[in-house]
1. How big is the dipole moment of the chain about its Cα centre under a simple scheme where the beta carbon of each Lys and Arg is +1, that of each Asp and Glu is -1, and everything else is neutral? Debye, nearest 20, please.
2. Using θ = phi - 60° and the Karplus form 6.51 cos²θ - 1.76 cosθ + 1.60, what ³J(HN,Hα) does each residue of the range 96-102 get, whole Hz, x for Gly and Pro?
3. Tell me the per residue accessible area of the chain using a 1.4 Å probe; a whole number in Å² is fine.
4. Give me the percent of accessible area attributable to carbon and sulfur for the range 95-180, probe 1.4 angstrom.
5. List the trypsin sites (Lys or Arg not before Pro) within the range 139-208 that fall in a DSSP loop (any state other than H, G, I, E or B) and whose Cβ has at most 11 other Cβ atoms within 10 Å.
6. Treat each spin label as a single point 7 Å out from the Cα along the C-beta direction, and report the S168 to V45 distance in nm.
7. Could you tell me what % of all Cα pairs in the range 1-42 have separations over 12 Å?
8. Once fully extended, how much extra length lies between R37 and A7, figured as 0.36 nm per residue of separation less the alpha-carbon to alpha-carbon distance?
Amino acid sequence: MPTLDGAEFAAADQVFGERLETAQRYVEHLATTGIERGLIGPREVPRLWTRHVLNCAVVEEFISEGASVVDVGSGAGLPGLCLAIARPDLSLTLVEPLERRVIWLNEVIEDLGLENVTVLRARAEQVVGEVEADYVTARAVSALVGLLDITMPILRGTGELLALKGRSAAEEITKARKKLNKYGAREVDILTAGADLLEEPTTVVQVKL
């Protein structure tokens with residue numbers, strides 16, 4: 001089972017606080033049933049904390065108090081469940097089209113006793129008009145140019161997209177410039193989350209409407 005070393009523990013303790021034990025149980029789910037059901041690759045186990053859970057959870061620093069968040073293509077709950085654990089004040093809706101993933105997510109939510117998160121089995125474009133969000137989050141769903149089409153309509157002209165990205169962030173923004181203009185993006189920034197906590201901070205493309 002993945003354990004926290006000194007630096008990881010300090011980061012996890014700061015991000016999750018009194019809900020650290022809940023985060024640890026979530027990681028146990030990822031490392032066991034998450035692998036058994038094909039949501040996480042077995043090679044990811046040693047780096048579940050650093051590359052996945054903490055990498056996602058630190059994005060909470062860009063989300064305001066009491067906000068509503070829709071996480072599209074949630075998969076194994078990254079970043080949706082990480083944010084739900086770290087920030088009980090948030091209202092999370094996880095949007096995931098694959099049934100086996102939805103079943104797993106609901107089992108984990110029930111086991112962890114999370115009351116601020118619900119799961120919708122749907123594609124992102126199918127929930128437009130059904131859910132409202134101050135923020136939409138996405139990780140490893142698609143390049144920004146395609147991601148805009150499935151996330152911007154959920155925001156209904158106001159709010160923010162927080163897309164977790166890698167080194168290609170600037171290039172993706174350049175390729176998506178025409179579409180960003182089409183959707184009326186006011187600001188587009190590349191942010192860094194967890195710079196003082198993580199060895200490899202998280203790169204986030206923030207699109208404000």
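The values are calculated or read from the model by the stated rules, or taken from the named source; none is laboratory data. These figures come from a predicted structure and were not determined experimentally. Note: ideal-geometry Cβ built from the backbone for every residue, glycine included; neighbour counts use all protein chains shown. To get the accessible areas, we keep the full protein, side chains included, count just its heavy atoms, and leave off ligands, DNA and RNA. Shrake-Rupley method; radii C 1.70, N 1.55, O 1.52, S 1.80 Å.
1. Details: 22 positive and 32 negative charges, 227 e Å.
The dipole magnitude comes to about 1100 debye.
2. Once rounded to whole Hz, the list reads 9, x, 8, 4, 5, 6, 4.
3. Working: 9860 Å² over 209 residues.
With the other protein chains kept in place, the chain gives 47 Å² per residue.
4. Details: 2080 of 4390 Å².
Carbon with sulfur: 47 percent of the solvent-accessible area.
5. Working: sites: R139, R156, K165, R167, K175, R177, K178, K179, K182, R186, K208; in loops: R156, R167, R186.
Of the trypsin sites (Lys or Arg not before Pro), the ones in loops of the range 139-208 whose Cβ has at most 11 other Cβ atoms within 10 Å are R167, R186.
6. Modelled inter-label distance: 3.0 nm.
7. Numbers: 524 of 861 pairs.
Summing the P(r) of the range 1-42 above 12 Å gives 61 percent of all pairs.
8. Working: separation 30, 0.36 × 30 = 10.80 nm, distance 3.01 nm.
Net length gain for the segment: 7.8 nm.
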